[in-house]
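Step one of this worksheet: look at the structure below.
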């Protein structure tokens, strides 16, 4: 199987997860979209669970590039954090974010899938945590406070993403985003005062 075929399989998997949910993302549907045999897919990935973990890895590799592209490291820490929040907000509207949400929900119902998905998510989230902590501690914010700011931001963004999927109240979501930005930036500015 070529690298291009692998990319096509992973792209189709991600799209199916976002469009059809985990249950609707069958190997047959993926094979049909990529125009390969089920045997070829299973030969390369081994199982649906292994394919899901590979999809998570592909999503996070793209996400890593997404966050590092166009980042101006010469601007203030506050401006860089604002850029991260805005990029996160845009990303929560993507099909890849929806795919990750679908996998996270499916992982709760299957112990085998859950162990694999949780391990993959933990690995990739820990990379983000290290970068986030380094950014905030360079501003003089302690590790514990940096973790609280991160958790607050991530939880709020996830909540907005779920709200968008359930009811689509875009004006309310945008107001929540503006409030999130104000709270995070105020908590960072307090580090300068304290």
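The values are calculated or read from the model by the stated rules, or taken from the named source; none is laboratory data. Everything numeric in this text was worked out from a predicted model, so none of it was measured. When we count neighbours, we look across all protein chains shown, and the Cβ atoms used for this are built from the backbone with ideal geometry, even at glycine.
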Search result, residues across region 166-179 that are farther than 20 Å from residue 190 by Cβ and assigned to a helix (DSSP H, G or I): 166, 170, 171, 172, 173, 174, 175, 176, 177
Of residues in region 127-139 being without any contact (Cβ under 8 Å) to a residue 12 or more places away in the chain and more than 18 Å from residue 65 (Cβ to Cβ), the one surrounded by the most Cβ atoms within 10 Å (Cβ to Cβ): 137
Residue match in region 100-116 (condition: at pLDDT below 85, within 16 Å of the chain's Cα centre (by Cα) and over 16 Å from residue 86 (Cα atoms)): no
Residue in region 32-43 that is surrounded by 16 or more Cβ atoms within 10 Å (Cβ to Cβ) and either within 20 Å of residue 120 (Cα to Cα) or in contact with a helix residue (DSSP H, G or I) (Cβ under 6 Å, 6 or more places away or on another chain) (or both) present: yes
Residue within region 154-165 that is outside any helix (DSSP H, G or I), crowded, with 16+ Cβ neighbours inside 10 Å and modelled with pLDDT of 85 or more present: no
Test: residue 180 is at pLDDT below 85 and under 25 Å from residue 96 (Cα atoms): no
